[in-house]
Amino acid sequence: MAYSNSLLVDYKKISPNKYVNRKHAIDRITPHCIVGQWDAKTIGDEFARTSKGASCNYAIAKDGRVVLVVEEKDGSWCSSSESNDRRAVTIECASDTTHPYAFRPEVYEKLIKLCADICKRNGKTRLLWFGSKTQALNYTPKSNEMVITVHRWFANKACPGDWLYNRLGDLAAKVTNLLNTKSNTKEDNEVTASINITVNGK
Ligand SMILES: [Zn+2]
């Protein structure tokens, strides 16, 4: 499948910190907490620094704006696991700086829409959350399935924070519902438009 990027992107600053040309098809989404209520420009500048040694595919700023940091065709340096980052789309989300690293409502709402868009463009109709590292990492997704993974499974970190961790079942359900609901909202049309671009780009 041809790789594409989301049309939900508001701001683009491509990072040099990445695995150029991922070799594994996208079948995971890994959401992270930034640990800071950052705006889009701050996010772009931070991940553009070579010395940062880190990146993400997308980031969602504190006001819900989406930043493209590493194109989907490339793997980001985000989850302390090369094998995860080469198959996952990673999303850094603006959050509080202290436990449980809460997101603002507009950030969580955009995360739902962005995950649905990523699934749709990559041919997925289900987003799965297992709540178990062993189950999730040993699962072989069917061609229409995308699996949520989290940074804390790969490193001794709190990421994505308990605020989001406790909502990952809700996120998976809402995204799967969006993917299987026909409607004429503006967001759905945007998702459809991005699919057409992918098809035409082949
Ligand atoms: Zn993380």
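Values as computed for the structure displayed
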read-out	value
Selection count where residues are closer than 22 Å to Asn180 by Cα, β-branched (Val, Ile, Thr) and surrounded by fewer than 12 Cβ atoms within 10 Å (Cβ to Cβ), scope the stretch 120-146	1
Unique match (being in a loop (DSSP other than H, G, I, E, B), under 21 Å from Trp38 (Cβ atoms) and of a type in the set (Ser, Thr, Tyr)) among Tyr108, Tyr101	Tyr101
Qualifying residue in the stretch 128-136 (condition: in contact with a Ser or Thr (Cβ under 7 Å, 6 or more places away or on another chain) and within 16 Å of the ligand (Cβ to nearest atom))	yes
Candidate set: the stretch 147-166, residues that are surrounded by fewer than 18 Cβ atoms within 10 Å (Cβ to Cβ) and in a loop (DSSP other than H, G, I, E, B); chosen: the one farthest from the chain's Cα centre (by Cα)	Asn156
Residues of the stretch 18-55 classified as in contact (Cβ under 8 Å) with a residue 60 or more places away in the chain, over 26 Å from Arg104 (Cβ atoms) and not charged (D, E, K, R), total	4
Ala59 being in contact with an Asp or Glu (Cβ under 6 Å, 6 or more places away or on another chain) and either under 19 Å from Ala136 (Cβ atoms) or within 16 Å of the ligand (Cβ to nearest atom) (or both)	yes
Per-region count, the stretch 149-182, residues of a type outside the set (A, V, I, L, M), within 11 Å of the ligand (Cβ to nearest atom) and either in contact with a Phe, Trp or Tyr (Cβ under 7 Å, 6 or more places away or on another chain) or closer than 22 Å to Pro105 by Cβ (or both)	3
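One line per residue, one yes/no per condition, for (1) within 13 Å of the ligand (Cβ to nearest atom); (2) surrounded by 24 or more Cβ atoms within 10 Å (Cβ to Cβ):
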| site | (1), (2) |
| --- | --- |
| Pro16 | no, no |
| Glu46 | no, no |
| Ala54 | yes, no |
| Asp63 | no, no |
| Ser79 | yes, yes |
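Taken together, the values in this text are just the output of simple stated rules run on the coordinates, not laboratory data. Since this is a predicted model, take the numbers as computed values, not measurements. Don't worry about glycine lacking a Cβ; one is built from the backbone with ideal geometry, like all the others, and counts go over all protein chains shown.
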